[in-house]
Amino acid sequence: MSTTFTPSLTHENRIQHAGLRQKVMDANAAAALVAPGAVLGVSGFTGSGYPKALPQALARRIEAERAAGREFDVGVWTGASTAPELDGALASAMRQRLPYQSDPTVRRQINAGAINYIDMHLSHVAPMVQAGFLGALDIAVIEVAGILPDGRLVPTTSVGNNQAWLDSAKHVILEVNQWQSVALEGMHDIYRIALPPARQPIPLTAPGQCIGEPYLRCAPEKIIAIIETDATDRNSPFKAPDADSQRIAGHIIEFFQNEVRQARLPANLLPLQSGVGNIANAVLAGLNESHFEGMSAYTEVLQDGMLRMIESGALSFASATALSLSPEATAFFNQNIEKFRGRVLLRPQDVSNHPEIIRRLGVLAMNAMIEADMYGNVNSTHVMGSAMMNGIGGSGDFARNAYISMFMSPSTAKGGAISCIVPMVSHTDHTEHDVQVLVTEQGLADLRGLAPVQRARLIIEKCAHPDYRDALRDYLNDAQKTANGQHTPHIMGESLAWHRRFLQTGSMK
């Protein structure tokens, strides 16, 4: 990626289009333009680049309308999770939400049946909206860093589905956020993927390659309101890696080292993808301290760990769709943004998560799980089979198409009352066909080239906690004696008994 770029945006002049300056209004006036029942396509991805003012003003309006006896709800489509100013504010007003969330209030509403939640692979959202499969999109609400004289929009700390929302929505409301750095201009690569039959191969062969342009585009006549804001993104702080996370990281780094020794990976590995969370950051911290050099990332989000790897030089380039940084790392990034120019690029999520590119680049995918069963099926979304946690996010995009697909978790939860290695998962997001490596603090199971029973014995010995290992061995041995078939032996009346026991007694033991 070239570092030569001449920015146009200035902090003093964020709205440079003369006609659009006439559409500036306060958030309450803009919220009055949203009709009851509207579907909103909203910017935001893991707490970055989401609108801060319009959702709160709209929530106040909806509360007043309902107090007056008038029905009012909305559908909310985003890039992924957002923040309390958006998801939390509108939780009680949502009738529909997609494709991913992590807000506790929204989660409660989903699990109470009050919100119709559509949990989707992140790469699928934009094409499904553009094709009309999900119905009409009424208003796009997009945060931008500024507007250039010709109407081009400077993206912020996330790209997500923003261009798809701008293309598909009937109307557009923009929030121009003074807090977002003007130096972000030029650090985005907006590429549109056509629908079939006009779709062409995506010409991306390296994480640092630019194939689009640095700006979002929208017909000015679609824009019905502009709100000026000055508010920070709200990402959660990351905890220091605990002992289990560090052990998981150690197993993964040892695995990568062995793959290099076996000539199955190059010395600088292949592009990394890492899910969000403290375990993921522990793995990245371990890689930063390892002997690996010249690594790259092709991923969804750039986290604290990757930022440190770029700073140290261990990571040469990171392609993502959003920043997902702690408050401290956000401040560091904004203060040193020019150091990251030419080494960080943000893309639409249908590009960052596209199967064609993931397969072509040979991405090494590392994602979190709630539980795995002894045959390698993974549940990454549901607690005890029915209660939604967050959603599948992009883990499925990467798992199915990665060069190596890895899932990781501590071996137990709830103080040891739950085993994260079980006879049968209570919900399946990633089948055994898409899971090549499982890792807990106990060890790493390389499942490549193994039949189901071979996989089961390795997972039990390498990944299960000692408190549950004997029970898993007993289940497998009994299943081999009594199951209807021996390829993937299960005792159907007992396969979910561990989950039933937890629901009844508070422990799987």
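The values are calculated or read from the model by the stated rules, or taken from the named source; none is laboratory data. Predicted model only: the values in this text are computed from it and were never measured. When we count neighbours, we look across all protein chains shown, and the Cβ atoms used for this are built from the backbone with ideal geometry, even at glycine. Heads up: the accessible areas ignore ligands, DNA and RNA and are worked out on the full protein's heavy atoms, side chains in. Shrake-Rupley method; radii C 1.70, N 1.55, O 1.52, S 1.80 Å.
So how much accessible area does Arg234 have, in Å² to the nearest 10, using a 1.4 Å probe?
120 Å²
Mind counting lysine pairs for me in the chain? Cα separation below 26 Å, and the two need to be 8 or more apart along the chain or on different chains.
Final tally of qualifying lysine pairs is 14.
Once each part is reduced to its C-alpha centroid, what is the distance from segment 191-239 to segment 430-509 in angstrom?
42 Å
Suppose only helical runs count, i.e. DSSP H with n ≥ 4. What mean residue ellipticity at 222 nm does that imply for the chain under -39500 (n - 2.57) per run, divided by all residues and rounded to the nearest 500 deg cm²/dmol?
-9000 deg cm²/dmol
Quote the relative contact order of the chain in percent (integer), defining contacts as alpha-carbon pairs under 8 Å separated by 6+ residues. Intermediate values should be presented prior to the final figure.
Values: 1178 pairs, mean separation 69.9, N = 509.
14 percent.
Ratio of Rg to Rh for segment 231-341, alpha carbon only, Kirkwood?
Result for segment 231-341 is an Rg/Rh of 0.97.
Once you have the alpha carbon radius of gyration of the chain, what is it after dividing by 2.2 N^0.38 Å, with N set to its residue count?
Numbers: Rg = 23.4 Å, N = 509, 2.2 N^0.38 = 23.5 Å.
Working it through for the chain, the quotient is 1.00.
Which three semi-axes in whole Å describe the equivalent ellipsoid of segment 352-416, each the square root of 5 times a Cα gyration tensor eigenvalue, listed largest first?
Calculated on Cα positions only, the semi-axes equal 25, 13, 9 Å.
Given a 1.4 angstrom probe, what's the average accessible area per residue across segment 426-499, in square angstrom?
Per-residue accessible area for segment 426-499 comes out at 46 Å².
Over the chain, what percent of the accessible surface lies on carbon and sulfur atoms, probe 1.4 Å?
Answer for the chain is 50 percent, counting heavy atoms of protein chains only.
Can you tell me which of 280-290, 445-455 comes out highest on packing, and rank the rest after it, using the mean Cβ neighbours within 10 Å?
Details: 280-290: 22.5, 445-455: 16.3.
Output ranking for 280-290, 445-455: 280-290, 445-455.
When the C-alpha atoms of segment 142-260 are aligned to their principal axes, what extent does each axis show, in angstrom, from largest down?
Ordered largest first, segment 142-260 gives principal extents of 56, 41, 25 Å.
Please give the charge dipole size of the chain, origin at the Cα centre, charges +1 on K and R Cβ atoms and -1 on D and E Cβ atoms. Round to the nearest 20 debye.
Once rounded to the nearest 20, the dipole reads 540 debye.
Provide Rg over Rh for segment 197-262; use the alpha carbon set for both Rg and the Kirkwood Rh (inverse mean inverse pair distance).
Working: Rg = 22.4 Å, Rh = 18.8 Å.
Taking Rh as the inverse mean 1/r over Cα pairs, Rg/Rh reads 1.19.
DSSP beta bridges in the chain, what fraction antiparallel, as a percent rounded to 5?
Among the beta bridges of the chain, antiparallel pairing accounts for roughly 25 percent.
So how much accessible area does Glu228 have, in Å² to the nearest 10, using a 1.4 Å probe?
Estimated to the nearest 10 Å², Glu228 gives 110 Å².
Report, for segment 389-448, the % of DSSP beta bridges that are antiparallel, rounded to 5. Show your work: numbers first, answer last.
Details: 6 of 9 bridges.
Taking every DSSP beta bridge with both residues in segment 389-448, the antiparallel ones total about 65 percent.
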